[in-house]
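A.B. asks: Just dropping this structure here.
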Amino acid sequence: MVKKIGNRIILSYIALIVALVGALLFLIINHIRGYHVTILKREMTEKIKFIELEIQNAPRRYLAGAVADREEQIRKLAEIVRLRVTLVDFNGRVIADSDYTDIDIMDNHRYRVEIKEALAHDVGESIRYSGTLNTDMLYIAMKSDAGVIRLAKPLREVNESIAKLRGYILIAGAIALALSSLVVVAISRRITRPINETVSFARDFSNGDFSRRIPNYTNDEIGSLQKALNRLADTVVEKINSLLFERHKLEKTIESINDGIAVVGLDRRVLVANRAFKELLDIESEVVGRLFFEAIRNRNLNAHIEQSHMTGTAAAFEEHFISGRNCDVFINPISGEQSLGGILIVLHDTTERKKIEQMKTDLVGNVSHELKTPIAILKGYLETMEPHLDDSDMIRELLQKALANVDRQSALINDILKLNRLETSRDFTTDYIDLREIIRSCIEILAPGAQKKNVSIRFNTDGQAARVPGNRFLAEEIFFNLISNAINYNIESGSVAVDMERSGERVTVAIVDTGIGIPEESLDRVFERFYRVDKSRSRATGGTGLGLSIVKHAADILGWKIDVSSSSAGTKFIIET
Ligand SMILES: Nc1ncnc2c1ncn2[C@@H]1O[C@H](COP(=O)(O)OP(=O)(O)OP(=O)(O)O)[C@@H](O)[C@H]1O
Ligand SMILES: [Mg+2]
């Protein structure tokens, strides 16, 4: 239970008022009582002096004679002064008393305070409670020649008036207490409201409501505290935001790295794992927070992580993962403040590099094979010629065949060189070229070959120049090869349509043939070097399988898009600039 400041203020204040009223009561009552008693004492002293004078004037009447007479005289005096009068001799014996007739049985008064004082110092006084009269009594005694004269006065009236006064003061005190309590409650509310507001702000803020601030401040110490707290909250929020931003940046950076990256903590749980890591390991569920050997399904990798975890040593090896990817794996312990902080795992995908290495190996094999074949054929013809040197008809025929193979070899070498140039050279300048004119000249060159096969070529264009940014050499390579394929892989009496369309700056050219088509499974591969769907047929047409590779490279350099679709009715290549 929280102790409320407001309650404490109110209680302290009430205690203070009660103490004040009490002290006031005590002081006032003491003062007034003292005042009354002083006046009474003065009066009584006058009366004693009067009695003394009376006794001096008639000592016989009071001191000699029968006891009853003396008492009678004393009673008369008492009636005059309207007080109890007692006469005591110097030994303390009561000589006469206005209220008691039986003086013989009365105690010796020597030790009564007022008498004792009077005997010693001529005057004595005392206030005592009288059980018989049930009130305080004021006694004044004075030594005279005739003995000690004592007057007694009950203080009932004084006490009664003081009691009344006490009542008034208590009522006034209660009213003052009630009124001031109201004021104190109001003041304490004013003090505690901003404190409560501050407490509620602190509670909300620590519960995560970072937008919470203290709206109205008072112009005092609490107000300054509230302002300072608001500033503190701003700074905290700023710091949190910048930390979040930094974390976000780091996460995004790690996420966007192509290498797979993961960190395993000391408790063997995954702390970080980026997208590439999960992809390379073919993990679909969330891995952060899980034990690494549960999340990662690769025995060798897990064994290395565990090893590094136990010994703090790094490791590097190559691994083929279930995802089909090949990776160089690096495992490095991260050193923490004093001991090992975790294990960093980096997976560097080498699949593409391996593929390229394989392709290069294949290429060398293919090139050597392709270069060897025409030479072998050439050698065959030359060897056949040797024994028949005198048969000129045969020699002519064999010579023509041998020449055709030399052409083929040179075409092949040309294509290889061209492809190499496309792959390595960056010096293809960009000009405005007219595609209509380029396509038309390609068709012109290819027309005789088409005629031989009885293949008709139609060029559908709107008759206007189609100028686009590009490179003439590359564009010629693209259209020459595509149209030449459309003729070569066509049927007898087939047709080729070249459709050119313009939309704004861009030009789309479709080369559609009615040929033998490309089977579905080969569509992706026709752009590979030396790839031919039907080797024997391609060779018969003099093809090397490099034409579409050259087309693809040229289109890539120009930034043009190339698309192919095919069916049994023919093939369609689309070029978009
Ligand atoms: N229009 C087409 N119709 C049917 N098949 C085609 C067509 N164009 C290409 N092909 C197939 O794709 C293969 C690769 O074509 P590419 O142009 O690269 O080589 P090529 O024509 O055999 O030789 P090159 O063009 O180098 O003289 C061809 O061998 C052929 O099988
Ligand atoms: Mg070709």
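A.B. asks: What net charge is computed for the residues neighbouring Ser200, neighbours being all others with C-beta under 15 Å from the C-beta of Ser200, Lys and Arg scored +1, Asp and Glu -1? Can you show the working numbers first?
C.D. replies: Details: positive: Lys4, Arg193, Arg203, Arg212, Arg213; negative: Glu197, Asp204, Asp209.
Neighbourhood net charge equals +2.
A.B. asks: Could I ask something else about it? Calculate the FRET efficiency for Ile187 and Ala15 from the Cβ-Cβ distance with a Förster distance of 25 Å, rounded to the nearest 0.05.
C.D. replies: E(calc), rounded to 0.05, equals 0.95.
A.B. asks: Relative contact order (percent) for the chain, with alpha-carbon contacts under 8 angstrom and 6 or more residues of separation?
C.D. replies: Relative contact order, the chain: 7 percent.
A.B. asks: Which FRET efficiency, nearest 0.05, do Asp145 and Ile105 yield, Cβ-Cβ r, R0 25 Å? Intermediate values should be presented prior to the final figure.
C.D. replies: Numbers: r = 27 Å, r/R0 = 1.08.
About 0.40, to the nearest 0.05.
A.B. asks: Further question: With angles folded into 0 to 90 degrees, how steeply does helix 392-424 sit against the dominant principal axis of the chain? Use alpha carbons for both and round to 10.
C.D. replies: 20 degrees
A.B. asks: Mind ranking His109, His388, His248, His31 by accessible surface for me, highest first, 1.4 Å probe?
C.D. replies: Ranked from most to least accessible, the order is His31, His248, His388, His109.
A.B. asks: Rounded to the nearest 20 Debye, what is the dipole magnitude of the stretch 439-577 about its Cα centre when Lys and Arg each give +1 and Asp and Glu each give -1 at the C-beta?
C.D. replies: 380 debye
A.B. asks: Semi-axes of the equivalent ellipsoid of the stretch 431-576: what are they in whole Å, largest first, if each equals the square root of 5 times a C-alpha gyration tensor eigenvalue? It would help to have the intermediate numbers written out before the result.
C.D. replies: Numbers: eigenvalues 109, 61, 38 Å².
Taking √(5λ) for each Cα gyration eigenvalue gives 23, 17, 14 Å.
A.B. asks: Right, here's the next one. Among the aspartates and glutamates, select those whose C-alpha is under 18 Å from the C-alpha of Lys76, and discard any that sit fewer than 8 residues away in the same chain.
C.D. replies: In chain and number order, the partners are Glu46, Glu52, Glu54, Asp97, Asp99, Asp102.
A.B. asks: Something else: Estimate the FRET efficiency between Arg60 and Tyr168 by the formula 1/(1 + (r/R0)^6), using the beta-carbon distance for r and 51 Å for R0, to the nearest 0.05.
C.D. replies: FRET efficiency, Arg60 to Tyr168: 0.45.
A.B. asks: Would you be so kind as to identify which of Ile140, Asn298, Thr218 lies farthest towards the positive end of the dipole of the chain, taking Lys and Arg as +1 and Asp and Glu as -1 on Cβ and the Cα centre as origin?
C.D. replies: Highest projection toward the positive end goes to Ile140.
A.B. asks: Show that you can apply the helix-only estimate: for the chain, add -39,500 (n - 2.57) for every DSSP H stretch of four or more residues, divide by all residues, and state [θ] at 222 nm to the nearest 500.
C.D. replies: The helix contribution divided over the chain gives -19000 deg cm²/dmol.
A.B. asks: Next question, about the same structure. Between Glu246 and Glu160, what length comes free when the chain is fully extended (0.36 nm per residue of separation minus the Cα-Cα distance, one decimal in nm)?
C.D. replies: Residue separation times 0.36 nm, minus the Cα-Cα distance, leaves 22.4 nm.
A.B. asks: Greater than 21 Å separation of Cα atoms is the criterion. Which listed pairs, Lys252/Lys561; Lys47/Lys143; Lys41/Lys143; Lys239/Lys278; Lys372/Lys535; Lys116/Lys153, meet it?
C.D. replies: From Lys252/Lys561; Lys47/Lys143; Lys41/Lys143; Lys239/Lys278; Lys372/Lys535; Lys116/Lys153, over 21 Å: Lys252/Lys561; Lys239/Lys278.
A.B. asks: Counting only protein heavy atoms and a 1.4 Å probe, tell me what percentage of the chain's accessible area is made up of carbon and sulfur.
C.D. replies: After summing per-atom areas, the C and S share lands at 55 percent.
A.B. asks: Stretch Val237-Ala404 to full length: gain in nm at 0.36 nm per residue minus the Cα-Cα span?
C.D. replies: That pair, Val237 and Ala404, stretches by 52.0 nm at full extension.
A.B. asks: Moving on to the next point. Determine the per residue accessible area of the chain with all protein chains present and a 1.4 angstrom probe, expressed in square angstrom.
C.D. replies: 60 Å²
A.B. asks: What nm value, rounded to one decimal, do you get for the distance between Ile257 and Met359 when each label is placed 7 Å out toward the C-beta?
C.D. replies: 2.7 nm
A.B. asks: So how far, in whole Å, is the C-alpha centre of the stretch 511-577 from the one of the stretch 201-275?
C.D. replies: So the two Cα centres are separated by 58 Å.
The values are calculated or read from the model by the stated rules, or taken from the named source; none is laboratory data. From a predicted model like this one, the values you see are computed outputs, not experimental measurements. Counting neighbours? That spans all protein chains shown, and the Cβs are built from the backbone with ideal geometry, glycine included. Note: areas computed on protein heavy atoms with side chains; ligands, DNA, RNA excluded. Shrake-Rupley method; radii C 1.70, N 1.55, O 1.52, S 1.80 Å.
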